[in-house]
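Notes to accompany the following structure.
The values are calculated or read from the model by the stated rules, or taken from the named source; none is laboratory data. As the structure is a computational prediction, the values presented were derived from the model and not from experiment. Cβ placement follows ideal geometry from the backbone for every residue including glycine, while neighbour counts extend to all protein chains displayed. Each accessible area value is taken on the protein alone, full model and side chains, heavy atoms only, with ligands, DNA and RNA left out. Shrake-Rupley method; radii C 1.70, N 1.55, O 1.52, S 1.80 Å.
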Amino acid sequence: MKALSCLLLLCSFPLLAETGFQPVSGSEYLSPQMREMQEDDFANPGMETVDYGRELFHRVDEEGHRCAECHGEEGRGLNLARIASYPIYDPEQERPITLQDQVNICREERMDNFPLVYDCKELVGLETYLKYLARGQVIAVQTDGPMKPFYEEGKRLYHQRFGQMEMACFLCHDQHRGAWLRGQRLNQGQSNGFPVYRLSTSRITSLHRRFSECLASFRAEPFLPGSDEYINLEVYVNARGNGLKIETPAIRD
Ligand code: HEC
Ligand code: HEC
């Protein structure tokens, strides 16, 4: 802990007032080579997951249904602005639902199929494809009305200290952003590029997995993908990036 906090303090940036907060995409912190790779669909390794998601979207399932039958070939009938506003409030469940939850709702209620396990390969594939279709859409997550308590709970978690090292999300991503930590430059921890392809692990990484990776990096106990804690955190983290454009699939270290 000592070494870590020293490291953070040594290279820390001046504290920025919450009011002056301007969201900045993690892509702004990339090297020019990685940025080029991200922006070139032929070089971007995340495109493999986009193609997998596209294939699932058009595939006829065991019940004879496919996503494209309602949402159009290549998802041309999808409401892309809506995709950029998840998590959205679901009056039936009286809670926010994520894009992965939405896919499961469509499967269960409209395709007579069983829901898939949160963050499984298929859901992450479909999510990556849907976000890719919505690339360039401006993130606009509701934070008032029925969303307010969930946003506030996510904000509380973001500022809560976890584990023996007593680290909190905001310490790295608000107070020390721009600093270097173990060879990585701390960015704002924005979600607009998710699911992202991580070069260090050679795999596509969902937002909830990234939350777990961050918690594990300072030896705190992760929550489960799809848990209330992660969904509330997603509400807060996505809303913190309101105004940024979707960049899925982004490339990260
Ligand atoms: C039988 C028709 C039907 C099928 C099949 C279907 N959906 Fe939907 N889907 C809908 C409807 C209707 C809505 C609007 C829901 C609402 O407003 O509450 C919707 C909403 C959505 C949305 C939110 C964006 C938007 O355009 O409203 C996404 C994303 C989505 N579906 C993905 C999928 C995926 C992925 C599949 C395949 C696994 C799928 N859907 C299968 C009918 C369908
Ligand atoms: C000890 C410092 C530290 C803490 C505390 C921390 N993170 Fe991170 N986080 C990182 C580093 C380092 C990265 C990788 C930076 C990069 O993507 O280049 C990262 C990346 C992220 C990203 C991906 C950003 C992007 O552009 O791809 C998200 C989202 C994120 N963190 C959320 C969280 C959340 C939520 C918490 C609290 C549960 C948290 N982090 C706690 C260090 C931390």
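General remarks:
- Failed condition for PHE13, given (1) among the aromatic types (Phe, Trp, Tyr); (2) modelled with pLDDT under 95; (3) crowded, with 16+ Cβ neighbours inside 10 Å: (3)
For (1) under 10 Å from the mean Cα position of the chain (by Cα); (2) more than 14 Å from LEU157 (Cα to Cα), each residue gets a yes or a no:
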| position | (1), (2) |
| --- | --- |
| GLN188 | no, yes |
| ASN192 | yes, yes |
| TYR197 | no, yes |
| THR201 | no, yes |
| GLU213 | no, yes |
| GLU221 | no, no |
| TYR230 | no, no |
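- A search for C-beta distances below 9 Å between a residue of region 179-190 that is farther than 18 Å from MET34 by Cα and of a type in the set (Gly, Ala, Ser) and any residue that is within 6 Å of ligand 2 (Cβ to nearest atom) and open to solvent by less than 30 Å² (accessible area, probe 1.4 Å), counting only pairs 6+ apart in sequence or on different chains, returns ALA179/CYS172; ALA179/LEU186.
- Residue check: PHE170 meets all listed conditions (1) in contact with a Ser or Thr (Cβ under 7 Å, 6 or more places away or on another chain); (2) within 15 Å of ligand 2 (Cβ to nearest atom); (3) open to solvent by 20 Å² or more (accessible area, probe 1.4 Å) but one, namely (1).
- First in region 201-214 and open to solvent by 40 Å² or more (accessible area, probe 1.4 Å), second anywhere and among the acidic types (Asp, Glu), Cβ under 7 Å, 6 or more apart: ARG209/ASP119
- Contact map, region 68-83: residues that are closer than 16 Å to THR128 by Cα paired with residues that are among the basic types (Lys, Arg) and more than 8 Å from ligand 1 (Cβ to nearest atom), Cβ distance under 7 Å, separation 6+ or inter-chain. Pairs shown: ILE83/LYS131.
- Test: GLU92 is modelled with pLDDT under 95, near ligand 1 (Cβ under 10 Å from one of its atoms) and of a type outside the set (A, V, I, L, M, F, W, C): no
- Residue check, SER85 crowded, with 18+ Cβ neighbours inside 10 Å, under 16 Å from GLY193 (Cβ atoms) and not hydrophobic (A, V, I, L, M, F, W, C): no
- ARG107 in contact with a Phe, Trp or Tyr (Cβ under 9 Å, 6 or more places away or on another chain), more than 22 Å from PHE223 (Cα to Cα), at pLDDT below 95 and of a type in the set (D, E, K, R): no
- TYR151 within 16 Å of ligand 1 (Cβ to nearest atom), open to solvent by 30 Å² or more (accessible area, probe 1.4 Å), among the hydroxyl-bearing types (Ser, Thr, Tyr) and within 23 Å of PRO195 (Cβ to Cβ): no
- Only residues that are surrounded by fewer than 18 Cβ atoms within 10 Å (Cβ to Cβ), at positive phi and either within 10 Å of ligand 1 (Cβ to nearest atom) or modelled with pLDDT under 95 (or both) were counted in region 65-82, giving 1.
- Comparison of THR19, THR49 shows that the only residue that is outside any loop (DSSP other than H, G, I, E, B) and either at pLDDT below 95 or of a type in the set (A, V, I, L, M) (or both) is THR19.
- Here GLY145 qualifies as in contact with a Phe, Trp or Tyr (Cβ under 9 Å, 6 or more places away or on another chain) and at positive phi.
- Complete set of residues in region 125-173 that are of a type outside the set (Gly, Ala, Ser), part of a helix (DSSP H, G or I) and under 15 Å from the mean Cα position of the chain (by Cα): LEU126, GLU127, THR128, TYR129, LEU130, LYS131, TYR132, TYR158, CYS169, HIS173
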